[in-house]
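To keep things clear, I will list the structure first and then write my remarks on it.
Since every read-out is calculated from the coordinates, none of them should be taken as a lab result. Every value quoted in this text rests on a predicted model; they were computed, and no experiment measured them. Reconstructed Cβ throughout: ideal geometry from the backbone, glycine too, with neighbour counts over all protein chains shown.
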Amino acid sequence: MRARTESASQRLERVALNPLARTGTGYRLFVLVLLAVLGWGAYAFVTQLRWGLVSTGMRDQVIWGLYLVNFVFFIGISHAGTLVSAILRVTQAGWRTPVTRMAEMITVVAISVGALMPIIDLGRPDRVWHIVVFGRFQSPLLWDILSITSYLTGSLIYLYLPLIPDIALMRDRLGRDASVIKRRVYTLLAVGWRNTPEQRHRLEKAIGIMAVTIIPIAVSVHTVVSYVFSMTLRPGWDSTVFGIYFVIGAIFSGIASIIIVMVLFRKIFHLEAYITERHVRNLGYLLLVALLLYLYLTVGEYLTTGYKLQVEDKHLLELLLTGANAPWFWLFVIAGMVIPAFLVIVRRGPVIPRMVVAAVLVNVAMWVKRFVIVIPSLQVPLMPFDFGTYRPSWVEWSITAGAFAGFILIFAILAKLIPLISIWEVAEDEQRREPAPLAEAGERSGLRPEEVEALVETALRERRRGQGVR
Amino acid sequence: MRDRDGARRIGRREFIKWSLGAAGLAILSTPFLSLANRAKADASSPAASARQAAAKPARTIRDWTMVVDLKKCDGCVTIDSAPQCTQACINGHFVPKGQQWIQVYDVELPGGGKSFLPTPCYQCENAPCVNVCPVAATYHNEDGIVLIDHKRCIGCRMCMAACPYHRRFFNWGEPEVPPEAALVEYNPLYPVPAIRGTVIKCMFCAHLLRDGKLPYCVSGCPMKALYMGDLNEDIGTNGAEVVQLSRFLDENDAFRWKENLGTQPRVWYLPGHGQSFNRSADDPRKLQAPVWSWGGDGFDYQIDPLTWQKEPR
């Protein structure tokens with residue numbers, strides 16, 4: 001028995017630490033491409049700094065554009081981490097363990113990129129320090145800044161805490177040829193972790209506290225992001241449901257992002273033994289729950305305004321349902337609600353590709369949804385004049401592309417610095433799941449882990465069915 | 001805070017202030033608090049002094065109010081020119097091309113005709129724009145006018161999103177102003193020259209009011225349709241006649257734009273369609289565009305990615 005767990009933990013280490021040890025040319029090329037896109041985005045930002053916001057497509061009527069759309073989108077997917085690693089931890093959902101690290105990474109990276117967007121959007125980015133010196137709490141923007149910085153701090157701590165044992169492991173596994181700096185950094189970050197029972201106890205307590213703390217912060221973040229809009233007297237924004245609407249939307253796109261990232265990393269870094277079909281399927285069900293909630297809120301939002309049809313709401317609904325923004329709106333409905341729902345409900349075909357398609361559609365559609373939240377409300381005329389128009393300029397598209405490239409780039413770099421799955425937590429799970437992992441039995445009989453998983457699932461189903469008959 | 005009729009009232013501003021004060025205190029860590037206090041103590045800035053003034057229960061010295069008599073407003077179509085209020089404002093403030101701080105709109109009448117509606121900034125008492133500004137760059141001065149400190153504005157445009165009247169403008173690029181604008185020393189009362197990346201708007205010509213003069217638009221109106229007055233002293237004038245404001249408003253069925261929003265604008269309208277100058281409601285003549293004598297592109301351009309030059313949108 002001991003020998004088997006030993007070999008399982010060795011394999012875990014090998015798989016989890018492999019990406020850190022080896023770097024292929026494909027990876028280098030990929031990073032180069034990302035850097036090129038990021039560079040072009042930087043060039044666009046320099047253009048904007050030189051000429052001002054006149055280089056964007058925004059003008060006096062449509063005063064906010066893609067930057068705010070990206071802001072809401074990135075802050076939205078940052079809810080991935082909170083959901084999986086905090087909510088699932090608090091509710092003790094056992095299957096979450098291999099996913100938590102990636103989810104928390106999404107959170108940290110997405111907040112960092114998202115928080116840059118409003119600063120890029122400022123007419124005077126050189127005066128951003130005024131917010132610290134002259135900030136006043138009556139303004140929804142200040143609520144945003146407070147809760148987003150709290151969220152970033154909290155998420156960094158929450159990412160770091162479960163990392164400590166893994167960093168200690170990396171410190172201990174460093175080869176002789178490792179550079180002094182690398183050794184020093186790992187030693188410093190491992191904060192003297194020796195895996196004593198007392199250290200373990202304290203760490204688990206700290207993680208528990210952070211898991212509970214981070215949930216209300218995460219909820220507050222997307223609530224106050226929505227308040228930037230709903231504290232105004234604009235049609236579509238002037239809504240009491242916006243807080244929860246944005247929170248659910250954030251969780252929705254957050255789950256979709258985890259599915260995408262998880263499957264990608266599984267493929268690239270060969271994590272099939274740890275991230276199984278079951279994880280993808282369970283997240284798919286969570287995605288469906290969020291989808292239905294979001295659908296409910298969307299219908300409620302448009303039904304309550306559309307029934308009464310105040311003048312400005314009427315203009316807005318015309319813009320959305322049949323007017324200039326109708327293609328975007330219906331793209332959201334079909335690609336974000338209808339198709340993903342069917343992909344999850346109709347269980348035909350392999351799970352993983354099905355969920356990935358659903359998740360990609362959801363993320364695209366949720367970006368579009370943020371677009372139809374921000375732009376059309378600004379196009380509606382508030383005084384007796386014409387509808388506003390908005391066509392994002394090349395500067396905005398480039399900065400948007402740069403933001404996405406930056407998001408992926410930070411991810412690619414992080415994948416080389418920290419293990420993508422929490423080694424010690426997965427090892428703990430495996431020990432708990434005695435006897436020896438089935439995967440090993442499968443290995444011996446020459447089966448791949450998915451196949452073993454599938455076999456187990458079928459067996460369990462058969463048994464349940466048998467019990468039902470009896 | 002009390003209303004003009006003395007009734008106790010809990011406004012949106014109060015509601016926000018109290019609920020946020022409580023939440024803010026809970027969330028904030030001490031370094032942030034000390035920074036906020038430092039900002040408050042900095043009384044040399046106009047916004048801070050305005051904040052102190054607002055905290056005082058005493059009534060303001062002035063209560064500036066504008067009255068627009070729509071019976072006299074013909075949109076300047078009968079004299080075949082651009083609206084002279086807008087034109088006077090542009091000339092007087094070197095308004096950047098593309099902005100009309102006091103803009104005249106067509107309003108469609110039920111029978112197919114139209115009237116004209118000159119719209120300056122309404123200087124709302126419960127101003128949504130002032131509520132949402134994150135850095136107190138826009139604020140009420142002692143006389144109730146909503147000013148902007150362009151040296152403090154960070155250009156987030158939250159105030160523009162909040163303004164339900166679309167009376168705020170943004171200097172998207174380098175504002176196009178005549179060279180003589182550079183001779184003026186900047187002051188929030190007279191924000192000339194305009195500063196790139198900041199929000200700008202009508203400020204009731206606060207610099208002229210302070211000297212006992214009428215705003216550019218009021219003195220520029222050939223029909224004498226615009227009145228400027230002080231509700232504290234209950235007096236107003238269009239430059240030709242003097243009226244008792246409260247009676248003038250009552251007897252002429254004055255109304256305010258979007259009264260139901262509760263913003264309490266300081267601009268009142270007397271209904272009409274220019275009939276005082278024999279303009280009929282179905283007069284087909286259209287509004288003319290004002291002129292910027294110094295020219296420019298009026299932010300109606302974009303930047304080419306390769307040549308880095310202006311190109312039309």
Here, trypsin sites (Lys or Arg not before Pro) of the stretch A:318-379 satisfying both criteria (DSSP loop; at most 14 other Cβ within 10 Å) are A:R347, A:R348
When the helices in the protein assembly as shown are scored as -39500 (n - 2.57) per DSSP H run of 4 or longer and the sum is shared across all residues, what 222 nm value do you end up with, to the nearest 500 deg cm²/dmol? -17000 deg cm²/dmol
Above 37 angstrom, tally the Cα pairs of chain A and express them as a % of all pairs, no decimals. 32 percent
Quick one: check the C-alpha center-to-center distance for the stretch A:359-417 versus the stretch A:267-343, whole angstrom. 16 Å
Please list, in order, the residues from the stretch A:341-379 whose amide nitrogen is less than 11 Å from a point placed 7 Å along the Cα→Cβ vector of A:S239. A:370, A:372-374, A:377
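Could you calculate the contour length gain from A:W129 to A:L414, that is, 0.36 nm times the residue separation minus the distance between their Cα atoms, to one decimal place in nm?
On the way: separation 285, 0.36 × 285 = 102.60 nm, distance 2.92 nm.
Length gained between A:W129 and A:L414: 99.7 nm.
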Considering the convex hull of the alpha carbon atoms of the stretch A:374-421, report its projected area averaged over all viewing directions, in nm², one decimal. 5.3 nm²
Pair-distance profile P(r), taking every C-alpha pair of the stretch A:1-160, with 5 angstrom steps and integer %: 2, 7, 11, 14, 15, 16, 12, 9, 6, 4, 2, 1, 1, 0, 0
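Multiplying the sequence separation of A:R173 and A:E318 by 0.36 nm and subtracting their Cα-Cα distance, what value in nm do you get? Mind dumping the intermediate values first?
Values: separation 145, 0.36 × 145 = 52.20 nm, distance 6.26 nm.
Contour length minus the Cα-Cα distance gives 45.9 nm.
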First obtain the Kirkwood hydrodynamic radius of the stretch A:223-362 from its Cα pairs, then insert it into the Stokes-Einstein equation at 37 °C and 0.692 mPa s, and state the resulting D in µm² per second as a whole number. 199 µm²/s
By the 4.7 Å beta carbon criterion, which cysteine residues of the protein assembly as shown come out unpaired? B:C73, B:C76, B:C89, B:C124, B:C133, B:C153, B:C156, B:C163, B:C205, B:C221
Residue-averaged beta-carbon neighbours from other chains (10 angstrom radius) around A:43-54: 5
Give me A:F74, B:F248 sorted ascending by neighbouring Cβ count inside 10 Å, so fewest comes first. B:F248, A:F74
Considering the convex hull of the alpha carbon atoms of the stretch A:144-302, report its projected area averaged over all viewing directions, in nm², one decimal. 12.9 nm²
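Need one value for B:148-157: mean number of C-beta atoms belonging to other chains within 10 Å of its residues' C-beta atoms. All intermediate terms of the calculation are to be shown ahead of the outcome.
Numbers: counts 0, 1, 1, 3, 5, 5, 13, 10, 14, 9.
Averaged over the peptide's residues, the number is 6.
Just tell me, in residue order, which DSSP H segments of chain A are both 20 angstrom or longer along the helix axis (alpha-carbon based) and at least -0.5 in mean Kyte-Doolittle hydropathy.
Values: long enough: A:2-21 (28 Å, -0.66); A:25-51 (39 Å, 1.15); A:97-121 (38 Å, 1.27); A:140-160 (30 Å, 1.06); A:197-230 (50 Å, 0.68); A:242-268 (38 Å, 2.10); A:277-308 (47 Å, 0.50); A:351-379 (41 Å, 1.59); A:394-417 (34 Å, 1.65); A:449-469 (30 Å, -0.87).
Taking the DSSP H segments of chain A (at least 20 Å long, mean hydropathy at least -0.5), we get A:25-51, A:97-121, A:140-160, A:197-230, A:242-268, A:277-308, A:351-379, A:394-417.
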Spatially proximal aspartates and glutamates relative to B:K201 (Cα-Cα < 14 Å; intrachain offsets below 8 disregarded): A:D60, B:D149
The stretch A:370-395 residues near the modelled A:V311 label - backbone nitrogen below 19 Å, point 7 Å along Cα→Cβ: A:377-388
Looking at the stretch A:2-436, how many pairs of lysines come closer than 26 Å at the Cα, when each pair is eight or more places apart or spans two chains? 4
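How would A:W143, A:W397, A:W237 line up from fewest to most surrounding beta-carbon atoms within 10 angstrom?
Details: A:W143 24, A:W397 15, A:W237 21.
Ranked by crowding around the Cβ, least crowded first: A:W397, A:W237, A:W143.
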In whole Å, how far is the Cα centre of the stretch B:123-191 from that of the stretch A:113-184? 33 Å
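So if R0 is 41 Å, what FRET efficiency would B:V107 and A:V212 give, r being the distance between their Cβ atoms, rounded to the nearest 0.05? Before the final figure, lay out each step's value.
Working: r = 57 Å, r/R0 = 1.38.
Taking R0 as 41 Å, the efficiency between B:V107 and A:V212 is 0.15.
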Between A:L20 and A:A42, what FRET efficiency comes out of the Förster formula 1/(1 + (r/R0)^6) with R0 = 25 Å and r the beta carbon distance, rounded to 0.05? 0.30
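For B:R210 and B:A240, what is the calculated FRET efficiency with R₀ set at 22 Å and r taken between the beta-carbons, to the nearest 0.05? Provide the component values of the computation, followed by the final result.
On the way: r = 22 Å, r/R0 = 1.01.
For B:R210 and B:A240, the calculated efficiency is 0.50.
Given B:K72/B:K286; B:K71/B:K114; B:K72/B:K258, which pairs have Cα atoms separated by over 18 Å? Could the numbers behind the result be given before it?
On the way: B:K72/B:K286 16 Å; B:K71/B:K114 12 Å; B:K72/B:K258 21 Å.
Violating the 18 Å limit, Cα to Cα: B:K72/B:K258.
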Ordered by number, the GluC sites (Glu not before Pro) in the stretch B:168-266 that occupy a DSSP loop and have at most 12 other Cβ atoms within 10 Å are B:E185, B:E233, B:E241
What's the exposure ranking of A:L417, A:L409, B:L226, going from fewest to most Cβ atoms within 10 Å? A:L417, A:L409, B:L226
